Amino acid sequence: MKRPKTAAERQERVAEILRRLDRMYPGATCALHHHNPWELLVATILSAQCTDKRVNEVTPGLFAKYPTPADFAAVRPEVLAQDIRSTGFFNNKAKSIVGAAKKIVFEFGGKVPKTMEEMLSIPGAARKTANVVLGTAYGIPSGIVVDTHVQRIAQRLDLTRQTDPVKIEQDLQKIIPQDRWILFSHQIILHGRALCTARSPKCAECDLNSLCYAKDKTA
């Protein structure tokens, strides 16, 4: 496909990308298992530099041992670190989770807040984590989650030329309708795992192939 030249052509191309993503991943949702916003926040913190599969193996036992934010707030970080050791960077993650629990228990009445401003005040909750929790747990389209998959695919699809996640998110917010922000993130993340991998993407199997002009496309 030729690169669109006009604003209308670019808008139509984005609309077609969204239509094809709907065909490929109609029921896309968050891969992190959780039962409530707090569990999702913990799982998201644990997922840094770790696979969702590993996090999902760790969290059932973790939440059985510490059922509420108050339980996490009461544990010493060095003790929690041993419970989450297999997720990597466990000391830092333990400090963040205990700090988040204390903040939520003592300042937010035990409930994960529903605004970006409040979320960003929580230890371990940068913008990506806040977007995950607000979008998936509360259905609030506060922004677009930009993880490594979204960053890579947005660049391959020429939806952005930025490399900084915050600037990538800003570019995507300008062209993706807000009512699609949550689903779009889930779909792109699934796409990054299934086909548009960092190495040797499966372009021949990809329904977006004809809309893509990535330099590292495979035959």
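Counting only residues that are of a type in the set (G, A, S) and in contact with a Ser or Thr (Cβ under 9 Å, 6 or more places away or on another chain), which one in the range 32-81 is surrounded by the most Cβ atoms within 10 Å (Cβ to Cβ)?
A43
What are the pairs, 6+ residues apart or on separate chains, where a residue within the range 31-60 that is within 13 Å of S86 (Cβ to Cβ) has its Cβ under 6 Å from a residue that is of a type in the set (F, W, Y)?
Close Cβ pairs satisfying both conditions: Q49/F89.
Inspect the range 9-30 for any residue being touching a Leu at 6+ places or on another chain (Cβ under 8 Å), within 21 Å of G110 (Cα to Cα) and surrounded by 18 or more Cβ atoms within 10 Å (Cβ to Cβ) and give the result as yes or no.
Looking through the range 9-30, none of the residues is touching a Leu at 6+ places or on another chain (Cβ under 8 Å), within 21 Å of G110 (Cα to Cα) and surrounded by 18 or more Cβ atoms within 10 Å (Cβ to Cβ).
Go over the candidates T68, T44, T6, T59 one by one and state the one that is of a type in the set (S, T, N, Q) and under 30 Å from Y213 (Cα atoms).
So the residue among T68, T44, T6, T59 that is of a type in the set (S, T, N, Q) and under 30 Å from Y213 (Cα atoms) is T6.
When you scan the range 4-74 for helices (runs of 4 or more DSSP H) that lie fully inside it, which ones turn up with 2 or more residues that are of a type in the set (A, V, I, L, M) and more than 19 Å from I189 (Cβ to Cβ)?
Passing ranges, in order: 7-24, 52-65, 69-74.
Matching residues to (1) closer than 20 Å to N131 by Cβ; (2) touching a residue at least 40 places away in the same chain (Cβ under 8 Å); (3) part of a helix (DSSP H, G or I):
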{"site": "A154", "(1), (2), (3)": "yes, no, yes"}
{"site": "I168", "(1), (2), (3)": "yes, no, yes"}
{"site": "D171", "(1), (2), (3)": "yes, no, yes"}
{"site": "L183", "(1), (2), (3)": "yes, yes, yes"}
{"site": "Q187", "(1), (2), (3)": "yes, yes, yes"}
{"site": "G192", "(1), (2), (3)": "yes, yes, yes"}
{"site": "R199", "(1), (2), (3)": "no, no, no"}
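Looking at the range 87-113, which of its residues are surrounded by 13 or more Cβ atoms within 10 Å (Cβ to Cβ), in a helix (DSSP H, G or I), in contact (Cβ under 8 Å) with a residue 24 or more places away in the chain and of a type outside the set (V, I, T)?
Selection gives K93, K95, S96, G99, A100, A101, K102.
Please work out which one of (1) over 23 Å from R23 (Cβ atoms); (2) β-branched (V, I, T); (3) crowded, with 20+ Cβ neighbours inside 10 Å is the condition I140 fails and give its number.
(3)
Which number in (1) over 26 Å from K5 (Cβ atoms); (2) surrounded by 17 or more Cβ atoms within 10 Å (Cβ to Cβ); (3) small (G, A, S) marks the one condition that A154 misses?
(1)
Hey, does the range 198-206 have a residue that's of a type outside the set (S, T, Y) and within 18 Å of the chain's Cα centre (by Cα)? Working first, answer last.
At the first step, the residues of the range 198-206 found to be of a type outside the set (S, T, Y) are 198-199, 201-206.
From the residues that got through so far, the ones that are within 18 Å of the chain's Cα centre (by Cα) too are 198.
Yes, there is a match, as at least one residue in the range 198-206 is of a type outside the set (S, T, Y) and within 18 Å of the chain's Cα centre (by Cα).
Hey, could you check the range 114-127 for residues that are crowded, with 20+ Cβ neighbours inside 10 Å and either within 16 Å of C30 (Cβ to Cβ) or free of Cβ contacts under 8 Å to residues at least 60 places away in the same chain (or both) and say which is farthest from the chain's Cα centre (by Cα)?
M119
Rule-based calculations on the coordinates, nothing more; no lab input. What you see is a predicted model, and the numbers here were worked out from it, not measured in a lab. Counting neighbours? That spans all protein chains shown, and the Cβs are built from the backbone with ideal geometry, glycine included.
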